[in-house]
Amino acid sequence: DEETARDAEEAAWEAGANDRAAAQVREERDAKLANCDWMASSDVTMSDEWRTYRAALRDVPAQSGFPNSVTWPTEPS
């Protein structure tokens, strides 16, 4: 019985791996967005490059390889 219970726990942990990876990627994405939130202030004129970058960050979960293969957009200079 202990072995069966342990196998069930391991299977549940493995099944949740994708969810944990997705949460981690979203955390990183959210941090990248937060770092440039000041660009979205009403008193700042945001360039098209920054708009594109922020949109690409928001679209990260829609990438085909998400969450295991993510292509991060390049932050404008």
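Just to confirm, what accessible area per residue do you get for the chain at 1.4 Å probe, in whole Å²?
On the way: 5760 Å² over 77 residues.
I get 75 Å² per residue for this part.
Taking the charge dipole of the chain about its Cα centre, with +1 at Lys and Arg Cβ atoms and -1 at Asp and Glu Cβ atoms, the residue from Ser77, Leu33, Ala11 reaching farthest to the positive side is Ser77. Per residue, the chain reaches -18500 deg cm²/dmol at 222 nm when only DSSP H runs of four or more residues are counted, each adding -39500 (n - 2.57).
Dipole magnitude of the stretch 8-53 about its Cα centre, charges +1 at Lys/Arg Cβ and -1 at Asp/Glu Cβ only, in debye to the nearest 20? All intermediate terms of the calculation are to be shown ahead of the outcome.
On the way: 5 positive and 11 negative charges, 35 e Å.
Its charge dipole is roughly 160 debye.
Rounded to the nearest 20 debye, the dipole size of the chain about its Cα centre is 640 debye, using +1 on the Cβ of Lys and Arg and -1 on the Cβ of Asp and Glu. Among (1) 45, 31, 24; (2) 64, 22, 16; (3) 28, 23, 20, which is the computed Cα extents along the principal axes in Å? Here Cα extents along the principal axes in Å agrees with entry (2).
Solvent-accessible area assigned to carbon and sulfur over the stretch 1-68 amounts to 46 percent, based on a 1.4 Å probe.
The values are calculated or read from the model by the stated rules, or taken from the named source; none is laboratory data. These numbers were taken from a predicted model, which means no experiment stands behind them. Note that each Cβ is placed from the backbone with ideal geometry, even for glycine, and that neighbours are counted across all protein chains shown. Quick note on the areas: whole protein, heavy atoms, side chains included, nothing else; ligands and nucleic acids left out. Shrake-Rupley method; radii C 1.70, N 1.55, O 1.52, S 1.80 Å.
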